[in-house]
Structures are given as C-alpha cells and as structure tokens.
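The values are calculated or read from the model by the stated rules, or taken from the named source; none is laboratory data. Given the structure is predicted, the values throughout are model-derived calculations rather than measurements. Note: ideal-geometry Cβ built from the backbone for every residue, glycine included; neighbour counts use all protein chains shown. Note: accessible area is taken over every heavy atom of the protein model, side chains too, but ligands, DNA and RNA are not part of it. Shrake-Rupley method; radii C 1.70, N 1.55, O 1.52, S 1.80 Å.
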Amino acid sequence: MKKSIQLPLQTGDLIVGFMVWVILSSLLPYILQDIAIPPDRVALVTAVPVILGSVLRVPLGYLTNRLGARTVFLASFACLLLPVWLISEATTYEALITGGVFLGIGGSVFSVGVTSLPKYYPRERHGFVNGVYGFGNMGTALTTWLAPLAAAAWDWRVAVKLYLVLLVAAIAVNLVLGDRTEPRVKTPIVAQVKAVWRDGRLWALSLFYFVTFGAFVALTVYLPNFLATHYGLDGVTAGLFTSAFIVAAAAVRVLGGWLADRLDCLRLLAGVFAALAVGAAVLALAPGLPVYLAGIYLISAACGIGNGVVFKLVPTYFLGQVGPVNGLVSMWGGLGGFFPPLVLSASTAAFGSNVPGLALFAAFCIACLGVAAWMGRAYR
C-alpha cells in the first residue's frame with residue numbers, strides 16, 4: 001500500500017518544499033514596505049535561497065539512496081522550521097538574508113523524489129514518473145499566488161508563519177505514509193561520482209538543466225517584483241501572472257516526460273532551446289504587457305518540456321549512479337536560477353536596460369541547441 005502512494009506523496013512533499021523556497025520573492029513587495037533593503041541588494045535577497053537549494057541537492061540525492069526518501073523529507077522539513085520562523089520575525093536586511101539562505105533546503109528536496117521514485121517503476125515509465133513528480137514545481141505558483149493574498153488580508157509576517165503550520169502537517173503525513181522499506185543503495189558517494197565524473201553526458205545534461213530549470217527558477221523569483229515595478233501591477237496581480245507562468249511550466253513538464261518516453265529526447269531538447277531563444281528575443285523587445293506575457297509563457301512551456309526530458313535521460317544514461325547524478329544535474333539547474341536575476345539587474349544598472357542580459361541568455365540557449373544536436377548525431 002505505501003509503495004503505491006509514494007508518487008503522490010512525494011509530489012506533495014515537493015509542492016511543500018517549493019512553496020517554502022520562494023517565500024521571500026513572493027512577499028518582497030510587502031517586505032519592502034516594512035524593512036529597508038538597499039536597492040542594489042534587492043535581487044540578492046530573492047536569489048540567496050537558490051544557493052543552498054542547489055548545493056544541497058547532491059548530498060540529498062546520495063542520502064536518499066542511503067536512508068530512503070521518508071527520512072530525508074522528514075529531516076528537511078524539520079530543518080526548515082527555523083529559517084521560516086526567523087524570517088517571520090526579521091526586522092533587518094541581514095536577518096532576511098540569513099533566513100533566506102536556509103530556505104534553500106526547500107528547493108533542495110527536488111533530488112529526493114527523482115532518486116527515490118524510479119525504484120518503484122520500470123525504466124520505460126521513468127520519464128512520465130519524473131514528469132509527474134516535477135509537477136511539484138507548482139508549489140512555487142501556490143506561494144506566489146496565496147502568500148500575497150494572505151499578506152494583503154493580514155500581514156506579511158502572519159503569511160510567513162502560516163508556513164510553519166504547513167511544515168508540521170507535512171512532517172506528520174510523512175511519518176505515517178512514508179515508505180520505511182525503500183530499497184537502499186550502499187555504494188559510497190565518492191565511488192559513484194568517480195564512475196561518472198569524466199562522462200561528457202553528465203556535463204551536457206547539467207548544462208541543459210542549468211538553462212531549462214535555471215530559467216524557470218530565475219523568472220519565478222524575478223517576475224513578481226519586475227511586474228510590480230516595470231508595469232505598475234499590484235502585488236496580488238503580479239503574483240497571479242507569475243503563478244500562471246509556474247503552473248504552465250509544471251503541467252507541461254508532465255507532457256515533457258511523456259514525450260521523452262516516446263520520442264528522440266535530444267531532438268526534443270534542440271526544439272526546447274530554439275523556443276527559449278525566441279522567447280528571450282520577445283522579452284528583449286520590451287513590449288507591452290500582453291506581448292511580454294506571451295514571451296514569458298513561451299519560455300514557461302519550453303522550460304517545462306526541457307525539464308521533463310532531462311530527467312528521463314538521467315536514469316537512461318546513469319542507472320547505476322542515479323542518486324549522485326540526479327544531485328549533480330539538479331544542483332546545476334538550481335544554480336542556473338541564481339545568476340539570471342543578478343545578471344538582469346546588473347544589465348539594467350549598467351545599460352539602463354535588461355536587453356544585454358536577455359541577449360546573453362539567448363546566445364546561451366543557441367549554444368545548448370548546438371550541443372544537443374551534436375549529441376544527437378554522436379549517440380544516435
């Protein structure tokens with residue numbers, strides 16, 4: 001019974017982790033009314049949760065193989081209680097940064113499910129299963145939509161404290177329903193990493209996920225404040241448009257996994273990077289809000305399909321080392337979300353426009369398209 005519910009349970013866990021991960025970016029318009037943050041540090045406040053959320057993915061993927069998903073999810077949610085409380089009581093920029101760093105634990109739990117769930121399903125279903133699990137990304141959409149509503153109704157500090165209740169509930173559910181008998185992999189992490197370290201496919205998949213998941217995370221944390229300041233939207237409306245971006249990417253990720261089980265994955269990825277380059281070009285034109293949102297949602301769909309395809313390829317290429325490889329690939333994806341908000345902010349500060357930053361992103365996508373096409377020829 002417990003084995004049959006691991007997919008919905010762990011998808012729910014990912015939703016909770018990602019809801020907590022983006023508290024700061026979702027509530028920033030309200031926090032800025034209460035706490036003075038230097039203008040050149042605003043982007044850093046929203047980006048810092050990505051750091052730990054990326055780096056911890058490697059050890060969490062390994063620990064999932066050693067200890068099981070139940071133990072790792074329980075420990076992660078327990079550790080998140082402290083930074084959430086700290087942020088709810090913060091009165092200074094430094095306290096927000098400190099709490100924000102440890103919010104990254106919520107983003108790092110992604111590597112738990114992608115390591116655990118393939119153990120329960122045959123290889124030909126891994127793309128779809130990881131796509132369904134990746135739907136948990138919509139946790140960021142729930143926070144960008146619900147947190148501003150709670151802040152508007154009560155106060156942003158009350159909105160943050162509500163996440164303490166959510167975490168306690170998640171701990172209770174995992175205590176009861178988590179699988180204590182999940183198969184374990186005992187191979188030391190150093191031996192597993194050595195087995196794949198020089199395999200070019202590892203670094204290609206890391207590059208692909210750096211762009212596809214990185215763009216998803218970057219726009220998740222960048223859009224609420226950008227839409228509010230550039231287009232004059234209120235916090236709730238900006239959160240609603242950002243939520244739509246996230247839900248679209250999460251839903252299409254399931255489609256990406258399903259397509260990856262049936263079609264040539266590397267050709268799919270080449271199409272993904274072409275679409276991302278087109279989306280970046282649309283945003284660079286600095287259009288009115290409707291066209292800008294069209295570009296955003298094109299990027300959303302491309303990111304969703306790309307994310308689903310990459311995690312079909314991980315167990316296909318690295319079945320014996322899936323834990324650390326999932327951790328490494330997802331770590332680079334998380335780090336991919338750290339840099340774009342800073343690059344776009346630096347571009348605006350230096351040139352008065354974010355067009356140079358978007359042009360750099362488009363060029364990066366075209367380079368990835370070339371790598372995917374080369375891999376397709378080499379491995380076909």
Selection count where residues are in contact with a Lys or Arg (Cβ under 6 Å, 6 or more places away or on another chain) and either under 8 Å from Val252 (Cβ atoms) or among the charged types (D, E, K, R) (or both), scope the stretch 289-312 = 2
When you go through Leu269, Leu240 one by one, which is the residue that is touching a Pro at 6+ places or on another chain (Cβ under 9 Å) and at pLDDT 80 or above?
-> Leu240
Going through the stretch 226-235 one residue at a time, which ones are at pLDDT 75 or above and either crowded, with 24+ Cβ neighbours inside 10 Å or in a helix (DSSP H, G or I) (or both)?
-> Phe226, Leu227, Ala228, Thr229, His230
Flag if Ala270 is out of contact with any Phe, Trp or Tyr (no Cβ under 8 Å at 6 or more places or on another chain) and of a type in the set (A, V, I, L, M, F, W, C) | yes
Which of the residues belonging to the stretch 254-291 are more than 18 Å from Met375 (Cβ to Cβ) and without any contact (Cβ under 8 Å) to a residue 12 or more places away in the chain?
-> Arg262, Leu285, Pro287, Gly288, Pro290, Val291
Filter the stretch 250-272 for residues that are surrounded by 15 or more Cβ atoms within 10 Å (Cβ to Cβ) and over 21 Å from Thr140 (Cβ atoms) and give the result.
-> Trp258, Leu259, Ala260, Asp261, Cys265, Leu266, Leu268, Leu269, Ala270, Gly271
Any chance the stretch 6-13 includes a residue that's in contact (Cβ under 8 Å) with a residue 40 or more places away in the chain, open to solvent by 10 Å² or more (accessible area, probe 1.4 Å), out of contact with any Asp or Glu (no Cβ under 9 Å at 6 or more places or on another chain) and more than 19 Å from Ala172 (Cα to Cα)?
-> no
Determine whether the stretch 92-113 contains at least one residue that is open to solvent by 40 Å² or more (accessible area, probe 1.4 Å) and touching a Leu at 6+ places or on another chain (Cβ under 6 Å).
-> yes
For the stretch 205-219, indicate whether the set of residues that are farther than 28 Å from Gly17 by Cβ and of a type outside the set (Lys, Arg) is non-empty.
-> no
Could you grab me the full set of residues in the stretch 119-134 that are at pLDDT below 80 and within 22 Å of Cys303 (Cβ to Cβ)?
-> His126, Gly127, Phe128, Val129, Asn130, Gly131, Gly134
Restricting attention to helices (runs of 4 or more DSSP H) lying wholly within the stretch 273-380, give those where 1 or more residues are closer than 22 Å to Ala228 by Cβ, open to solvent by 40 Å² or more (accessible area, probe 1.4 Å) and at pLDDT below 80.
-> 322-351, 355-379
Of the conditions (1) modelled with pLDDT under 85; (2) in contact with a Pro (Cβ under 9 Å, 6 or more places away or on another chain), Met138 clears all except one; give me its number.
-> (2)
